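Notes follow the structure.
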Amino acid sequence: AGSEGNTLVLLEITDFDGLQARFGALAADNVLSLVAGVLRRKIRDADHVGRLSDGRFGLLLTQCGLDDARLKAAWLCRHLALSSFQYQDQIVPIYLAAGLAPFGRGHTSETLIAAAASDLGAHIGLA
């Protein structure tokens, strides 16, 4: 059901390397800061967020099943897409893909991240 269980939401900035190549390292750093700030402000106190690699963030949503996590991920993707900013007279778009994986006892971080990563393609552009 919606609020039962725990879910990892993997959020990946779509074509982060291309964004960095097109707009430069400073613009890419600004995108990372903007995404991190939004994620920190828009999750509950019981949840956790962290940057996993270039352009990839993980959200650990506690007491949040897949249905509710999918809704939260879609909302975050839409919110961040609307948060695009201007850099040197160009609009820098922020698009995310989301992958979800339920977790509980017995899951390792590696298997959990792999499960969410394999789900990434199913939720590209959740907006």
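The values are calculated or read from the model by the stated rules, or taken from the named source; none is laboratory data. Given the structure is predicted, the values throughout are model-derived calculations rather than measurements. Don't worry about glycine lacking a Cβ; one is built from the backbone with ideal geometry, like all the others, and counts go over all protein chains shown. When the accessible area is computed, the model is the full protein with side chains, heavy atoms only, and any ligands, DNA or RNA have been set aside. Shrake-Rupley method; radii C 1.70, N 1.55, O 1.52, S 1.80 Å.
For Ser109, Ser83, Ser118, the ranking by accessible surface with the largest value first comes to Ser118, Ser109, Ser83, using a 1.4 Å probe. A probe of 1.4 angstrom, applied to the heavy atoms of all protein chains, finds Leu66 with accessible area near 60 square angstrom. Rolled with a 1.4 Å probe across the full set of protein chains, the surface gives Asp15 an accessible area near 100 Å².
Could you identify which residue out of Thr14, Thr108, Thr62 has the top mean-square fluctuation in a GNM of the chain using Cα springs shorter than 10 Å? Sorting by GNM fluctuation, first place goes to Thr108. Around the amide H of Tyr87, modelled in the peptide plane, lie the amide H atoms of Val92, all under 5 Å away and 5 or more residues distant in sequence or on another chain.
The Cα-based radius of gyration of segment 1-70, divided by its Kirkwood radius, gives an Rg/Rh of 1.06. When the Gaussian network model of the chain links Cα atoms closer than 10 Å, the mean-square fluctuations of Ile43, Ile13, Ile91 top out at Ile91.
Using just the Cα positions, wrap segment 60-114 in a convex hull and report its mean projected area in square nanometres, one decimal place.
Numbers: hull surface 19.4 nm².
Answer in nm², one decimal: 4.8.
Projecting the Cα positions of Gly5, Gly55, Ile43 onto the charge dipole of the chain (unit charges on Cβ atoms of Lys, Arg, Asp and Glu, taken about the Cα centre) puts Ile43 furthest along the positive direction.
Computed over the Cα atoms of segment 1-41, pair by distinct pair, the Kirkwood hydrodynamic radius stands at 12.1 angstrom. For the chain, the longest principal axis of the Cα atoms and the long axis of helix 109-118 meet at an angle of about 60 degrees. Evaluated with a Cβ-only charge set (Lys, Arg +1; Asp, Glu -1), segment 1-100 carries a dipole of roughly 200 debye about its Cα centre, given to the nearest 20.
For the chain, modelled as a GNM whose springs connect Cα atoms under 10 angstrom apart, the maximal fluctuation among His107, His79, His48 occurs at His107. In the chain, Cα pairs under 8 Å separated by at least six residues give a relative contact order of 36 percent.
What the phi angles of segment 79-95 give under the Karplus curve with 6.51, -1.76 and 1.60, with θ = phi - 60°, is a coupling list of 4, 6, 4, 7, 8, 3, 10, 9, 9, 6, 6, 10, 7, 9, x, 10, 10 Hz, glycine and proline written as x.
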